Every structure is written in structure tokens, then in C-alpha cells.
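> Just passing along the structure, written as C-alpha cells.
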Amino acid sequence: MEIKNVVVAGGGVLGSQIALQSAYKGFNVSVWLRSEASAERARPKLERLRGIYKQTLQAMKTNPAAYCRGLADSPDTPTEQLDALIAKVDAAADSIRFFTSEQEAFSAADLVVEAIAEVIGEKEAFYGSIRDLLPQRAILCTNSSTLLPSAMMEFTGRPDRFLALHFANNIWKNNTAEVMGTAKTSAESYQAVVDFARAIGMIPLELKKEQPGYLLNSMLVPFLNAAEALLANDVADVETIDKAWMLGTGAPLGPFRILDIVGLATAYNIVAASPAAQEPGSTAQRIAALLKAKIDEGKTGINAGEGFYRY
């Protein structure tokens with residue numbers, strides 16, 4: 001199957017990245033958002049990414065360490081080619097269309113990447129609202145961080161053309177795409193998504209079976225939960241916990257810097273959905289309350305200018 005028209009549902013941290021990366025690699029991209037207010041919040045995210053892409057490509061002219069696999073084929077890309085890629089970023093960003101109408105957004109889609117909130121009820125409502133609008137050929141992917149596609153496939157009306165396509169954050173640099181189907185996903189749909197991931201500059205990571213958290217988050221979420229527990233239980237403050245990780249491992253970022261990049265709303269939705277968060281006085285409940293307090297103050301992470309740190 002040939003994929004040309006890509007629709008990203010949601011303009012949050014990863015939704016905006018998926019949209020720009022897909023447009024940068026030559027796909028016709030639309031972003032569907034629930035309201036004009038959501039669209040107004042999404043546009044600055046795309047503008048921020050436009051700047052990052054252009055600055056990174058510019059830096060690659062003189063600094064090999066600036067190379068990002070999702071933006072250029074080689075760290076030795078000639079200057080004139082980098083200039084062409086910089087111009088390509090502007091063309092890609094300007095080409096992305098925003099829709100609040102489901103009919104306008106989805107009626108010509110070849111591939112839909114759902115990147116809405118990590119709440120199964122919201123995903124069920126979304127899939128139900130678009131299932132009769134999608135062309136028969138369309139493949140539907142979820143970018144869910146933790147939910148299994150088999151838990152959602154019957155909502156879609158196309159279980160044979162539904163699977164998970166999960167991206168790491170900063171996809172132009174950390175260019176992995178985890179592809180995970182269900183027992184009902186057709187081989188043709190699975191391969192089409194693998195091919196799409198490769199076409200937008202990702203390295204497809206093919207899972208043999210369903211796994212909560214996929215590959216990356218099976219490792220990352222317990223790590224972040226451990227850091228959140230240290231804070232929620234007053235063992236140490238944010239800066240000290242991050243410093244322990246960075247100094248002890250040589251990592252460039254600590255867990256709370258990573259949480260700011262992921263977005264505190266996503267982190268909250270994951271922990272709030274856990275059975276442990278329903279137990280009064282539990283560490284999970286304290287973590288959820290800590291994250292909710294930040295979110296209520298508008299401190300949702302790097303895109304908001306403040307999360308656990310100010311930016």
C-alpha cells in the first residue's frame with residue numbers, strides 16, 4: 001500500500017513532532033485537533049520545532065556532534081545540501097494543515113497516527129467518531145505509550161488495519177519507531193507501517209508480540225517512577241535526584257528533565273491509571289497528586305516553559 005496522506009490526531013509533544021517529521025520527509029500532513037483553542041496551542045509547538053530543525057542543520061555545517069539521524073543521511077552532508085534541507089524545513093512546516101472538522105481531516109487519509117491523551121475512554125470516543133469517515137484503505141495507528149492496541153482495536157472498526165506505532169521523544173534525533181501489532185493486524189498493514197517509519201527517517205523496531213510499555217517504556221517508565229517516588233516520599237529534591245543519576249551514570253539528563261520533555265500530563269495519565277494510585281496513602285497516589293498540582297499550575301513541561309524546571 002502506498003501512503004501519501006498522513007493525519008496526526010493531536011498536536012501535543014509527540015503529535016507535533018510526528019507531523020513535522022512526516023512533512024519534512026515529503027508526506028502530505030494534516031493535524032486534527034478538537035477545537036480552535038487546541039490548534040492555537042499546537043501552532044507554537046510546531047514553530048519551536050521548525051527552529052530546532054533549522055538550527056540543528058545549520059550547526060551540522062561546523063559541528064559533527066550536532067548530527068541527527070532523522071534530519072540528514074550522513075554527518076558529512078555537504079553544506080549546499082544542508083542549505084537545501086534548511087529550506088525544506090520551512091516548506092514542510094508551512095505545508096501542514098490544521099483541522100477541527102473530522103470530516104475534512106480524515107476523509108482522504110491513507111494513514112492516521114493517533115497521539116491524543118493516554119486515557120482509554122478518550123481513545124474509544126475518538127476512534128468511534130472517525131471509524132465511518134475513514135477510507136476503506138486507511139491504516140490507523142496509536143502512538144500510545146502504555147496501552148496495548150488489542151485493548152482498543154474493536155473501537156476502530158478495522159482491527160486488521162490497526163496497530164501501534166510508538167515514537168521516542170525528539171524523534172529527529174532519537175529516531176526509533178516501535179511497531180507492534182495485534183493477533184488481528186494484517187501482515188500487509190504491519191509492513192506498510194514499517195515502511196512508512198523508515199520513509200520518515202526512523203529506525204523501525206519490530207516487536208514480535210504485544211508488550212505493555214513496548215520496548216522503550218518497559219525500561220523508561222519504571223526508571224521515571226522510581227525517581228518520582230523518591231521525590232513524593234521526600235527522600236531528596238528534584239535537583240539532587242537528577243544529579244545522582246547524571247553523575248553516577250554519565251547521562252546528559254536526569255529523570256525530571258526527561259519528565260519535562262515527555263510532558264507531565266502524559267506522566268500523570270500513566271500513573272493515575274494504575275490500580276496502586278487508587279490506594280489511599282500509597283506512593284503512586286502521592287506521585288499522582290504531585291504531578292496534578294504541577295499541571296493545575298500550568299507547569300506541564302518544556303513546551304509550557306516550566307515543569308520541574310524553568311525553560
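The values are calculated or read from the model by the stated rules, or taken from the named source; none is laboratory data. In this text the structure is predicted, and so the values were computed from the model without any measurement. Quick reminder, even Gly has a Cβ in these numbers, built from the backbone with ideal geometry, and neighbours come from all protein chains shown.
> Looking at residue 70 and the list (1) within 15 Å of residue 92 (Cα to Cα); (2) among the small types (Gly, Ala, Ser); (3) not in a loop (DSSP other than H, G, I, E, B), which single condition is not satisfied?
So residue 70 meets the others, but not (3).
> Would you check which residues across segment 192-238 are of a type in the set (Asp, Glu), part of a helix (DSSP H, G or I) and closer than 20 Å to residue 282 by Cβ and list them?
228
> Any idea which of (1) in contact (Cβ under 8 Å) with a residue 24 or more places away in the chain; (2) hydrophobic (A, V, I, L, M, F, W, C); (3) surrounded by 16 or more Cβ atoms within 10 Å (Cβ to Cβ) is the one residue 245 doesn't satisfy?
Failed condition: (1).
> In segment 1-36, how many residues are in a helix (DSSP H, G or I) and either within 16 Å of the chain's Cα centre (by Cα) or at pLDDT below 95 (or both)?
12
Conditions tested, residue by residue: (1) without any contact (Cβ under 8 Å) to a residue 24 or more places away in the chain; (2) in contact with a His (Cβ under 7 Å, 6 or more places away or on another chain); (3) under 22 Å from residue 34 (Cβ atoms); (4) surrounded by fewer than 15 Cβ atoms within 10 Å (Cβ to Cβ).
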| position | (1), (2), (3), (4) |
| --- | --- |
| 94 | yes, no, no, yes |
| 98 | no, no, yes, no |
| 106 | no, no, yes, no |
| 124 | no, no, yes, no |
| 129 | no, no, yes, yes |
| 154 | yes, no, no, yes |
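> A further question follows. Determine whether segment 239-246 contains at least one residue that is farther than 30 Å from residue 197 by Cα, among the small types (Gly, Ala, Ser) and not in a loop (DSSP other than H, G, I, E, B).
yes
> Quick check, is residue 293 within 21 Å of residue 168 (Cα to Cα), surrounded by fewer than 17 Cβ atoms within 10 Å (Cβ to Cβ) and at pLDDT 95 or above?
no
> Just to be sure, is residue 271 buried (at least 18 other Cβ atoms within 10 Å of the Cβ), modelled with pLDDT under 95 and hydrophobic (A, V, I, L, M, F, W, C)?
Judged against the criteria, residue 271 is a match.
> Hey, any hits in segment 47-63 for a residue that's part of a loop (DSSP other than H, G, I, E, B), surrounded by 13 or more Cβ atoms within 10 Å (Cβ to Cβ) and touching a helix residue (DSSP H, G or I) at 6+ places or on another chain (Cβ under 7 Å)?
yes
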